[in-house]
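**Student:** After the structure tokens below, expect a handful of questions from me.
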Amino acid sequence: MKPRVLLTHPLLPEAMDYLASQVDLELATEEMILPREELLARIEDKQGLLCFLTDAIDREVMDRAPKLKIISNCAVGVNNIDLKDAWSRGLLVTNTPDVLTEATADLTLALILATTRRLVEADRFCREGRFRGWKIDLFLGLELSGKTLGLIGFGRIGRAVARRARAFNLRIIYQDPKRLEASLEKELGVEFRSLDDLLREADIISIHASLTPESHHLISAERLKLMKKTAVLVNVARGPIVDEKALVEALKTGQLWGAGLDVYENEPAIEPELPKLDNVVLLPHTGSATRETRQKMCFMAVENLLQGLRGERPSHLVEPVEKTSVL
Ligand code: GLV
């Protein structure tokens with residue numbers, strides 16, 4: 001008999017067809033959000049769960065699933081899963097690292113450029129028929145060359161951003177719970193800073209850390225005050241790392257020059273003041289959204305799930321480590 005699997009939302013078609021050919025598959029919903037009662041009702045008899053970052057997989061869900069062996073998350077971040085609880089039950093948890101690194105780093109640079117060069121505002125201006133001719137001070141932005149980029153979280157994605165940033169002649173400083181060897185820092189052309197020093201020194205601050213209890217509201221009202229008034233904050237990691245209300249305040253009062261956001265504190269809700277501000281660029285959590293990357297993520301999530309269900313060690317197992325800091 002094929003193992004029973006709950007897929008919370010559709011995968012891209014080829015991966016979903018492949019999964020359906022391998023297991024007894026139940027698709028929970030075609031909608032963006034799966035109502036909790038639906039998840040709780042449908043998980044009961046399943047051996048496998050393939051879920052997404054929008055699904056909260058906590059103790060209550062696991063209590064309902066006595067036959068569950070594996071939770072395969074189609075994302076690199078796993079903050080939507082109560083890992084400690086899953087591990088204490090002997091459940092396997094997997095994610096989709098590496099394949100989304102380059103796409104997410106590309107989007108980070110896109111957000112940095114869109115924010116510093118005011119691309120969205122300028123596009124709107126053209127569409128509204130307001131472009132009447134070249135003008136010396138039209139949409140003045142911030143120059144990247146020679147500035148300092150501060151990376152919070154220096155794992156795969158942070159490093160991929162650093163590689164791109166060098167081509168823009170940015171100086172790179174980083175903060176991470178694990179400092180690199182001096183020789184590696186030299187090779188990568190990066191310098192380590194404490195978080196507060198990084199915030200004081202950087203012109204562009206970009207977040208690439210995992211969401212954990214330690215990183216929740218890491219960028220608080222107090223820390224926003226450490227940043228330069230000409231600084232730009234970019235977040236493509238997880239919304240709750242930034243105190244979103246405090247960020248709105250900082251953007252409104254000129255405490256901060258601008259922000260580029262792909263993620264929000266209470267996704268999919270966005271702090272209502274944010275869309276009213278011209279100095280922010282807002283994206284709907286599309287960091288990894290290229291056709292190629294999403295296809296790879298889907299197949300990786302399926303493969304992880306099938307390996308776990310066959311009793312093999314999945315290729316991308318999330319395991320307890322001292323400190324999971326980076327994406
Ligand atoms: C996206 O946010 C992911 O964690 O993969």
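The values are calculated or read from the model by the stated rules, or taken from the named source; none is laboratory data. Bear in mind the structure is a predicted one, so any value in this text is a computation, not a measurement. Heads up, the Cβs are rebuilt from the backbone with ideal geometry, glycines too, and the neighbour counts pull from every protein chain shown. In case anyone asks, the SASA skips ligands and DNA or RNA and just uses the protein heavy atoms, side chains included. Shrake-Rupley method; radii C 1.70, N 1.55, O 1.52, S 1.80 Å.
**Student:** With the condition kept exactly as written, say whether any residue in the stretch 261-276 is open to solvent by 10 Å² or more (accessible area, probe 1.4 Å), aliphatic (A, V, I, L, M) and not in a strand (DSSP E or B).
**Tutor:** yes
**Student:** Out of the residues in the stretch 220-247 that are within 16 Å of the ligand (Cβ to nearest atom) and more than 15 Å from Leu282 (Cβ to Cβ), which is surrounded by the most Cβ atoms within 10 Å (Cβ to Cβ)?
**Tutor:** The residue in question is Ala237.
**Student:** If a residue has to be over 16 Å from Cys74 (Cα atoms), touching a Leu at 6+ places or on another chain (Cβ under 9 Å) and free of Cβ contacts under 8 Å to residues at least 24 places away in the same chain to count, how many in the stretch 26-43 make the cut?
**Tutor:** Residues meeting the conditions: 1.
**Student:** Also, I was wondering about something else. Can you pull out every residue in the stretch 178-194 that is in contact (Cβ under 8 Å) with a residue 40 or more places away in the chain and buried (at least 16 other Cβ atoms within 10 Å of the Cβ)? Walk me through how you get there before you give the answer.
**Tutor:** Let us first name the residues in the stretch 178-194 that are in contact (Cβ under 8 Å) with a residue 40 or more places away in the chain, namely 178, 193.
Correct list: Arg193 only.
**Student:** Please work out which one of (1) over 20 Å from the mean Cα position of the chain (by Cα); (2) surrounded by fewer than 16 Cβ atoms within 10 Å (Cβ to Cβ) is the condition His216 fails and give its number.
**Tutor:** (1)
**Student:** Looking at the stretch 90-100, which of its residues are more than 10 Å from the ligand (Cβ to nearest atom) and either of a type in the set (Phe, Trp, Tyr) or closer than 12 Å to Ser288 by Cβ (or both)?
**Tutor:** Our first condition is that a residue be more than 10 Å from the ligand (Cβ to nearest atom); within the stretch 90-100, this holds for 90-94, 98.
Within the stretch 90-100, Asp98 is the sole residue that qualifies.
**Student:** Quick check on Ile81: is it within 16 Å of the ligand (Cβ to nearest atom) and closer than 16 Å to Gln307 by Cα?
**Tutor:** Criteria not met by Ile81.
**Student:** Please find, within the stretch 1-25, the residue that is nearest to Arg64 (Cα to Cα) out of those that are without any contact (Cβ under 8 Å) to a residue 60 or more places away in the chain, open to solvent by less than 20 Å² (accessible area, probe 1.4 Å) and hydrophobic (A, V, I, L, M, F, W, C).
**Tutor:** Leu6
**Student:** Can you tell me which residue is most open to solvent (accessible area, probe 1.4 Å) among those in the stretch 39-56 that are over 14 Å from Gly308 (Cβ atoms) and within 14 Å of the ligand (Cβ to nearest atom)? Lay out the reasoning, then the answer.
**Tutor:** If we filter the stretch 39-56 for residues that are over 14 Å from Gly308 (Cβ atoms), which is where we start, we get 39-45, 52-56.
Okay, now just the ones that are also within 14 Å of the ligand (Cβ to nearest atom), so 52-55.
Numbers: Phe52: 36, Leu53: 61, Thr54: 76, Asp55: 6 Å².
Selected residue: Thr54.
**Student:** Among (1) free of Cβ contacts under 8 Å to residues at least 24 places away in the same chain; (2) open to solvent by 20 Å² or more (accessible area, probe 1.4 Å); (3) more than 30 Å from Ala167 (Cβ to Cβ), there is one condition Ala65 misses while meeting the rest; what is its number?
**Tutor:** (2)
**Student:** Please enumerate the residues belonging to the stretch 300-327 that are surrounded by fewer than 19 Cβ atoms within 10 Å (Cβ to Cβ) and either over 23 Å from Thr108 (Cβ atoms) or at pLDDT 95 or above (or both).
**Tutor:** Matches in the stretch 300-327: Arg310, Gly311, Glu312, Arg313, Ser315, Leu317, Glu319, Pro320, Val321, Glu322.
**Student:** Given the options Thr253, Thr286, name the one that is more than 14 Å from the chain's Cα centre (by Cα) and at pLDDT 95 or above.
**Tutor:** Of the residues listed, the single one that is more than 14 Å from the chain's Cα centre (by Cα) and at pLDDT 95 or above is Thr253.
**Student:** Applying the selection to the stretch 205-215, what residues are farther than 15 Å from Phe154 by Cα and away from the ligand (no atom under 16 Å from the Cβ)? Before you say what the answer is, go through the steps one by one.
**Tutor:** To start, the set of residues in the stretch 205-215 that are farther than 15 Å from Phe154 by Cα comprises 212-214.
Scanning the stretch 205-215 gives Pro213, Glu214.
**Student:** Can you tell me how many residues in the stretch 52-75 are in contact with a helix residue (DSSP H, G or I) (Cβ under 8 Å, 6 or more places away or on another chain) and closer than 18 Å to Glu303 by Cα?
**Tutor:** The qualifying residues number 8.
**Student:** Go through (1) within 30 Å of Phe125 (Cβ to Cβ); (2) within 16 Å of the ligand (Cβ to nearest atom); (3) out of contact with any helix residue (DSSP H, G or I) (no Cβ under 7 Å at 6 or more places or on another chain); (4) not hydrophobic (A, V, I, L, M, F, W, C) for Glu292 and report which single condition fails.
**Tutor:** (1)
**Student:** Would you confirm whether or not the stretch 276-285 contains a residue that is within 14 Å of the ligand (Cβ to nearest atom) and not hydrophobic (A, V, I, L, M, F, W, C)? Give the steps one after another, and end with the answer.
**Tutor:** First, the residues of the stretch 276-285 that are within 14 Å of the ligand (Cβ to nearest atom): 283-285.
Right, trim to not hydrophobic (A, V, I, L, M, F, W, C) and you get 284-285.
Scanning the stretch 276-285 turns up at least one residue that is within 14 Å of the ligand (Cβ to nearest atom) and not hydrophobic (A, V, I, L, M, F, W, C).
**Student:** Filter the stretch 68-78 for residues that are farther than 15 Å from Gly308 by Cα and open to solvent by 10 Å² or more (accessible area, probe 1.4 Å); which is nearest to the ligand (Cβ to nearest atom)?
**Tutor:** Of everything passing the filter in the stretch 68-78, Val76 is nearest to the ligand (Cβ to nearest atom).
**Student:** Given the condition at pLDDT 95 or above, open to solvent by less than 60 Å² (accessible area, probe 1.4 Å) and within 16 Å of the ligand (Cβ to nearest atom), answer yes or no: does some residue in the stretch 109-131 qualify?
**Tutor:** Checking the stretch 109-131: at least one residue is at pLDDT 95 or above, open to solvent by less than 60 Å² (accessible area, probe 1.4 Å) and within 16 Å of the ligand (Cβ to nearest atom).
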